[in-house]
1. With a 1.4 Å probe and all protein chains kept in place, how much accessible area does PHE104 have, in Å² rounded to the nearest 10?
2. Treat each spin label as a single point 7 Å out from the Cα along the C-beta direction, and report the ALA64 to VAL95 distance in nm.
3. Given N residues in the stretch 64-130, what is Rg(Cα) / (2.2 N^0.38 Å)?
4. First obtain the Kirkwood hydrodynamic radius of the stretch 32-97 from its Cα pairs, then insert it into the Stokes-Einstein equation at 4 °C and 1.567 mPa s, and state the resulting D in µm² per second as a whole number.
5. Distance in nm between label sites at LEU56 and LEU32, each 7 Å beyond Cα in the beta-carbon direction?
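The values are calculated or read from the model by the stated rules, or taken from the named source; none is laboratory data. Only a predicted model underlies this, so the values are computations on that prediction, with no experimental measurement involved. Positions of Cβ are backbone-derived with ideal geometry, glycine not excepted, and every protein chain shown enters the neighbour counts. We work out accessible area using only protein heavy atoms, side chains counted, and drop any ligands, DNA or RNA first. Shrake-Rupley method; radii C 1.70, N 1.55, O 1.52, S 1.80 Å.
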Amino acid sequence: MASTQSKRSETTTSVNKVNARLPCNKYPALCLILFTFMFAPAIAALIGLGLFLSYLIPQPGVLAIVCFAPAMIATLVLGMLSGATVWLLVMRPFVPRLILAEFFQGGPRVPIFSRLCARIFDWIHPDPLR
């Protein structure tokens with residue numbers, strides 16, 4: 001019983017540490033604007049792809065749905081990355097570099113996309129000391 005409570009408190013403590021590092025807790029307005037910039041082009045691209053695919057294949061079978069599902073997921077991811085890149089370009093003159101770096105280089109890390117986001121950030125907002 002005591003070990004279960006200690007494990008639960010350790011898990012809660014580690015979750016609280018991760019949440020404390022997330023930039024959305026410190027800058028909620030920037031986070032909402034980022035989400036808007038990320039999802040708007042992704043949703044527009046998905047709608048466009050869906051309309052194109054329904055024009056191309058009016059009554060898709062199971063095989064067509066399975067084949068085009070990865071295209072929908074890739075469209076969503078690419079739309080979100082392009083929206084985040086545009087957000088960074090728009091916010092660059094108004095928000096200090098360290099705050100923008102928290103959104104692109106801080107927080108929980110995802111292996112492929114974390115490296116890609118760091119490269120996009122360095123490309124758009126290069127370090128002035130280098």
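1. 20 Å²
2. 4.1 nm
3. 1.34
4. Rounded to a whole number, D works out at 98 µm²/s.
5. 3.8 nm
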